[in-house]
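A.B. asks: A single structure is presented below for examination.
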Amino acid sequence: MNHVLRAIGPSLLVFALVGCSCDGGGGDGDGEGDDTDATMGDGSMSMTDGATRDFGGGGRDIGPLPDGTMGPEVCDGIDNDLNGVIDDVDEGGDGICDCLIIATLGEPGEWGDGDVFATWLDERSDIGATALGDTTLTPELLEPYQVIVAQDLRGRAYSDAEVDALRGWLESGGGLMTLIGYGSPDERTNVNQLLAPSGLQYDATPILAGSPTVPVTGWETHPVSEMVTQVGVDNGYEVVGEGDVVAREGGFVVLRAATLGEGKVLVWGDEWITYDSEWNDHPEYELERFWLNAIKWLTPETECQVPILI
Ligand SMILES: [Ca+2]
Ligand SMILES: [Ca+2]
Ligand SMILES: [Ca+2]
C-alpha cells in the first residue's frame with residue numbers, strides 16, 4: 001500500500017474497488033466490455049484492441065474513479081487515469097504535486113526571515129506541510145508521509161527506536177532531506193543520529209561563512225541539480241560519508257544524495273535555502289528550481305510525480 005493510501009485510510013480503496021464496474025463483462029449493456037478499457041487487480045490494463053499495458057506494482061492502487069469512470073486524476077491514492085503514476089495532480093502547473101504529503105521535523109531557522117514550508121510550499125499543494133516539531137518518531141507517525149524535511153533539531157536527541165522508525169520509513173520508500181547550520185552545538189549530533197543508517201553525516205567544522213551568502217557553484221549531473229548553477233550558503237557544515245556528491249564549493253561537499261532501500265536521502269550542508277533573502281535578493285540563484293528538483297527526486301517514482309515546467 002502506498003503512502004497516500006495509508007494517509008487516507010484503506011476504506012476509500014475498498015470503496016473504489018467495490019464501486020468499480022471494471023469486470024470485463026460490459027455490465028452497462030452496450031456489449032463492448034468496460035468502457036474504461038481497464039482491468040483492475042492484476043496490475044494490467046486491458047485495451048479494447050486486445051493489447052495489455054502492464055504498469056507493474058502488482059496491481060495495487062491502480063484503477064479509475066470510485067464511480068467506475070476514468071480520470072481525471074484526483075488525490076485519492078489511486079492511479080485514476082492509468083498513466084502509471086498515482087495522484088499526479090498539479091492544477092496550477094507549479095511543479096509541486098497537489099497531493100504531496102510532506103512534513104517537517106524540528107523548527108524553522110531564525111537567522112533569516114521567512115519559512116519556505118509555511119508559504120511557498122503551502123501555496124502549491126492541497127495539504128501543505130505538516131510540522132511534526134519534536135513529536136516522537138514512530139512507524140505509525142511517519143507512515144503517511146512521502147517526504148520529510150529535517151530543520152533545526154537542537155535540544156532534541158533521538159532514541160534508538162526513533163532512529164529505527166525513520167530507517168524503516170526510508171527503506172519502504174520515504175524521502176528525507178536534512179538541513180543544518182542553525183547554530184546550536186547539538187543540532188549536528190541530533191541530525192547525525194537520524195542520518196546514521198544512510199551512511200551520510202555532517203562534519204564538525206563550520207564552512208563557507210559569508211554575508212551575503214556564498215554561492216555554491218560546483219554541481220554534478222543529478223536530477224536535483226538540473227538547471228541549477230548557483231545556490232547560496234552561509235556558515236554550514238560539510239557533508240561526508242556515503243552517497244553521490246551533488247554540489248561542492250571551496251573544496252567542500254555541500255550536498256550528497258543517497259538511497260536506502262526504496263528510499264532516498266538528501267543532505268544539504270546549510271539552512272539558508274529556507275530564508276526569504278535567498279529567494280528575493282538573489283536572482284542569480286535558481287533556488288525555486290532547486291527545491292522543486294529536490295522534492296520531486298525525494299517523492300516515490302510512481303506517486304505524485306508531476307513535471308517541472310519553470
Ligand atoms: Ca495517474
Ligand atoms: Ca488519484
Ligand atoms: Ca501544485
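The values are calculated or read from the model by the stated rules, or taken from the named source; none is laboratory data. Since this is a predicted model, take the numbers as computed values, not measurements. In this analysis, Cβ positions are derived from the backbone assuming ideal geometry, glycine residues included, and neighbour counts consider all displayed protein chains. Note: areas computed on protein heavy atoms with side chains; ligands, DNA, RNA excluded. Shrake-Rupley method; radii C 1.70, N 1.55, O 1.52, S 1.80 Å.
A.B. asks: Just the residues that are surrounded by 17 or more Cβ atoms within 10 Å (Cβ to Cβ) and among the acidic types (Asp, Glu), please, taken from region 246-267. First the steps, then the outcome.
C.D. replies: First, pick out the residues of region 246-267 that are surrounded by 17 or more Cβ atoms within 10 Å (Cβ to Cβ): 246-249, 252-258, 260, 263-267.
Glu249 - this is the single residue of region 246-267 that is surrounded by 17 or more Cβ atoms within 10 Å (Cβ to Cβ) and among the acidic types (Asp, Glu).
A.B. asks: Can you tell me which residues in region 269-310 are touching a Lys or Arg at 6+ places or on another chain (Cβ under 7 Å) and surrounded by 22 or more Cβ atoms within 10 Å (Cβ to Cβ)?
C.D. replies: Leu298
Listed here are the residues, each with its yes/no results for (1) at pLDDT below 95; (2) open to solvent by 30 Å² or more (accessible area, probe 1.4 Å).
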{"residue": "Ile127", "(1), (2)": "yes, yes"}
{"residue": "Leu137", "(1), (2)": "no, no"}
{"residue": "Gly155", "(1), (2)": "yes, yes"}
{"residue": "Gly181", "(1), (2)": "yes, no"}
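A.B. asks: Based on this model, can you work out whether Ala103 counts as over 20 Å from Val265 (Cβ atoms), outside any loop (DSSP other than H, G, I, E, B) and away from ligand 2 (no atom under 12 Å from the Cβ)? Walk me through it before giving the result.
C.D. replies: Working: over 20 Å from Val265 (Cβ atoms): no; outside any loop (DSSP other than H, G, I, E, B): yes; away from ligand 2 (no atom under 12 Å from the Cβ): yes.
Here the answer is no, as Ala103 does not meet what is asked.
A.B. asks: Please go through region 229-245 and pick out each residue that is out of contact with any Pro (no Cβ under 9 Å at 6 or more places or on another chain) and open to solvent by less than 10 Å² (accessible area, probe 1.4 Å).
C.D. replies: Matches in region 229-245: Val239 only.
A.B. asks: While we're on this one: Just to be sure before I move on: is Ala118 more than 21 Å from the chain's Cα centre (by Cα) and either at pLDDT below 90 or within 15 Å of ligand 1 (Cβ to nearest atom) (or both) in the structure I sent? Even if it seems obvious, please write down each step before you answer.
C.D. replies: Working: more than 21 Å from the chain's Cα centre (by Cα): no; either at pLDDT below 90 or within 15 Å of ligand 1 (Cβ to nearest atom) (or both): yes.
No, not satisfied.
A.B. asks: Quick one: would you say Asn280 is touching a residue at least 60 places away in the same chain (Cβ under 8 Å) and not hydrophobic (A, V, I, L, M, F, W, C)?
C.D. replies: Judged against the criteria, Asn280 is not a match.
A.B. asks: Just checking, does region 170-191 include any residue being within 16 Å of ligand 1 (Cβ to nearest atom) and in contact with a Pro (Cβ under 8 Å, 6 or more places away or on another chain)? Can you show your working first?
C.D. replies: Pass one, region 170-191, residues within 16 Å of ligand 1 (Cβ to nearest atom): none.
The answer is no, given that none of the residues of region 170-191 is within 16 Å of ligand 1 (Cβ to nearest atom) and in contact with a Pro (Cβ under 8 Å, 6 or more places away or on another chain).
A.B. asks: Here is a list: Leu170, Leu200, Leu153, Leu179. Which entry is in contact with a Gly (Cβ under 6 Å, 6 or more places away or on another chain), under 21 Å from Glu110 (Cα atoms), among the aliphatic types (A, V, I, L, M) and touching a residue at least 24 places away in the same chain (Cβ under 8 Å)?
C.D. replies: Numbers: Leu170 fails: under 21 Å from Glu110 (Cα atoms); Leu200 fails: under 21 Å from Glu110 (Cα atoms); Leu179 fails: in contact with a Gly (Cβ under 6 Å, 6 or more places away or on another chain).
Just one listed residue meets the conditions, Leu153.
A.B. asks: Output the residues belonging to region 77-86 that are on the phi < 0 side of the Ramachandran plot, open to solvent by less than 10 Å² (accessible area, probe 1.4 Å) and in a loop (DSSP other than H, G, I, E, B).
C.D. replies: The initial filter retains those residues of region 77-86 that are on the phi < 0 side of the Ramachandran plot, namely 78-81, 83, 85-86.
Imposing the further condition that a residue be open to solvent by less than 10 Å² (accessible area, probe 1.4 Å) reduces the set to 78-80.
The answer is Ile78, Asn80.
A.B. asks: Now for a separate question. Determine which member of the set Ala157, Ala131, Ala118, Ala161 is of a type outside the set (S, T, N, Q), under 22 Å from Val267 (Cα atoms) and part of a strand (DSSP E or B).
C.D. replies: Going through Ala157, Ala131, Ala118, Ala161 in turn, just one is of a type outside the set (S, T, N, Q), under 22 Å from Val267 (Cα atoms) and part of a strand (DSSP E or B): Ala131.
A.B. asks: Working carefully through the options Asp90, Asp76, Asp67, Asp115, find the one that is away from ligand 2 (no atom under 11 Å from the Cβ), among the charged types (D, E, K, R), out of contact with any Gly (no Cβ under 9 Å at 6 or more places or on another chain) and in contact (Cβ under 8 Å) with a residue 40 or more places away in the chain.
C.D. replies: Numbers: Asp76 fails: away from ligand 2 (no atom under 11 Å from the Cβ); Asp67 fails: out of contact with any Gly (no Cβ under 9 Å at 6 or more places or on another chain); Asp115 fails: out of contact with any Gly (no Cβ under 9 Å at 6 or more places or on another chain).
Result: Asp90 is the single residue among Asp90, Asp76, Asp67, Asp115 that is away from ligand 2 (no atom under 11 Å from the Cβ), among the charged types (D, E, K, R), out of contact with any Gly (no Cβ under 9 Å at 6 or more places or on another chain) and in contact (Cβ under 8 Å) with a residue 40 or more places away in the chain.
A.B. asks: Looking at (1) over 15 Å from Thr299 (Cβ atoms); (2) within 16 Å of ligand 3 (Cβ to nearest atom); (3) assigned by TED's automatic domain parsing to the domain that holds Tyr182, which one does Gly92 not meet, given that it meets all the others?
C.D. replies: That leaves (3) as the condition not met.
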